[in-house]
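Rule-based calculations on the coordinates, nothing more; no lab input. For clarity, every value in this text was computed on a predicted model and none was experimentally measured. Note that we place each Cβ from the backbone using ideal geometry, even for glycine, and neighbour counts take in every protein chain shown.
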Amino acid sequence: MRVEPVPELVGHIAVPGDKSISHRAVLVGAISAGAVTVEGFGRSADTEATIAAVRALGVEVIEHDVDALTVLGVGLRGLRPPAEPIDCRNAGTLMRLLAGILAGQRGRFELRGDASLSARPMERIAEPLRRMGARVETTDGHAPIVVEGSGKPLAAISYELPVASSQVKSAILLAGLYAEDETTVVEPVPTRDHTERLLERAGARVRRRGRAVSIGPVRRLRPVAIEIPGDFSSAAPFLVAAAIVPGSRVTVHGVGLNPRRTGLLGVLERMGARIAIYNRRSIGGEPAGDVEVVSSELVGTTIDAEEVPTLVDELPLFALAACHARGESVVRGAGELRVKESDRIETVVDGLRRVGARIRATDDGFRVLGVPARLRGGVFEAHGDHRLAMLGAIAGVASREGIDVAGAEAVEVSFPGFYAILA
Ligand code: S3P
């Protein structure tokens, strides 16, 4: 995809429904005690993999429109082992959360993924699920994984997460629905809490105390109507573009503003960005609003481990903003970036360098020396990673000579309409 530089970006847009919540809506819908309607579903390759997965497990999903579904829940223990392995494609959220649910079912379930997903760590969910009494096998720590449940109640555990990961937390909480007693997860740093919010709405007993979150077993999940706000992570490329391209003013409407997801806004403000939020409201039990960003001169900043989970998927875009900000910017304590859809420390640093940035990798992050000027441009390789494909495109609009994004089709994973909205 060739992306030409633009003099400025001006406009009002909306983005598709949140991917994290869309996965959870279909998965929780599948084990609810009846029909769950979903509006604002964020359709993408990832979330279609989740629809296909629950269908393979015997759940009927009616698609009324691209963004409207009904999931006919089969109840907590109603999932049936398919003859074939379940293909999670590129979706880490699907594989890890589904494993937690399957631990409470009866039967043998095999989960597979594409080459990228098969390179990502899976012992991080297998280990706690085994402690709860499920049989979980990984392939040398990776997918394919096999989950075998007896259908009997799992053991309730109290588990200190070794890594700040919402996917791991969610897998344990979902398995906790099937436990004998209350299950507790203690997080090193707070991560996104969409699972907790949704399960609470469906009638589960969720307790939060500081860094700990507990869930009690349930007899049934109440079927609820789920409305999904726009995906902050899909809004982020446009917000960063508006911040770095002089003369820009962009508003993204109806976007999710869960504080555990919007760390990028605080970071951009610290850098001097002009950000306003209008029409604050609640969409489906999640904070939401309209976000406006107006371009301004930026200065560098530092991001430490405690802040990382609130913008983990936006750190590639932060790197680009930092290239345009005066002075040095640093990201530390973000080793998790190495086990995302690509090694995002290497792919971001290599990609931005090739188009003219002064950035270097560290073990657990990167350092950027920024100047308030356009990057040169050139060829940007997406490495099959959707967030990289969007990063390359935004780097292109903000560049002097334009950028050819190689592997641009990776945007299909989370945001098929990305280029159309950018255009
Ligand atoms: C997600 C959690 C994050 C994030 C991923 C989606 C989720 O991963 O990077 O894109 O939906 O729970 P980790 O929880 O593993 O950090």
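Below is a table of values for the structure above.
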| quantity | calculated |
| --- | --- |
| Net charge, Gly300 excluded, C-beta distance under 12 Å - Lys, Arg +1, Asp, Glu -1 | +2 |
| Estimated [θ] at 222 nm from DSSP helical runs (n ≥ 4, -39500 (n - 2.57)) normalised by residues in the chain, nearest 500 | -8500 deg cm²/dmol |
| For the chain, alpha-carbon Rg and Dmax in angstrom | 20.9, 62 |
| Nitroxide proxy distance, nm - points 7 Å out along Cα→Cβ at Asn279 and Ala155 | 5.1 nm |
| Label-point separation, Glu8 to Arg353 (7 Å along Cα→Cβ), nm | 3.6 nm |
| Cα gyration tensor category, rounded, prolate or oblate, for the stretch 274-361 with a/c compared to 1.5 | oblate |
| The chain: angle of helix 45-56 to the longest principal axis, Cα-based, in degrees nearest 10 | 10 degrees |
| Global form of the stretch 230-379, assessed from the alpha-carbon gyration tensor, a/c cut-off 1.5 | oblate |
| Simple label model, 7 Å out from Cα along Cβ direction - Arg211 to Ala406, nm | 4.2 nm |
| Relative packing of peptides 165-178, 279-292, 408-421 - highest average C-beta neighbours within 10 Å first | 165-178, 408-421, 279-292 |
| Gap separating the Cα centres of the stretch 189-257 and the stretch 90-131, nearest whole Å | 22 Å |
| Peptides ranked, highest mean first, by Cβ atoms within 10 Å: ranges 4-14, 366-376, 78-88, 318-328 | 318-328, 366-376, 78-88, 4-14 |
| Estimated FRET transfer efficiency when R0 is 41 angstrom, pair Arg376-Ala83 (beta carbons, to 0.05) | 0.15 |
| Estimated FRET transfer efficiency when R0 is 30 angstrom, pair Val186-Ala35 (beta carbons, to 0.05) | 0.30 |
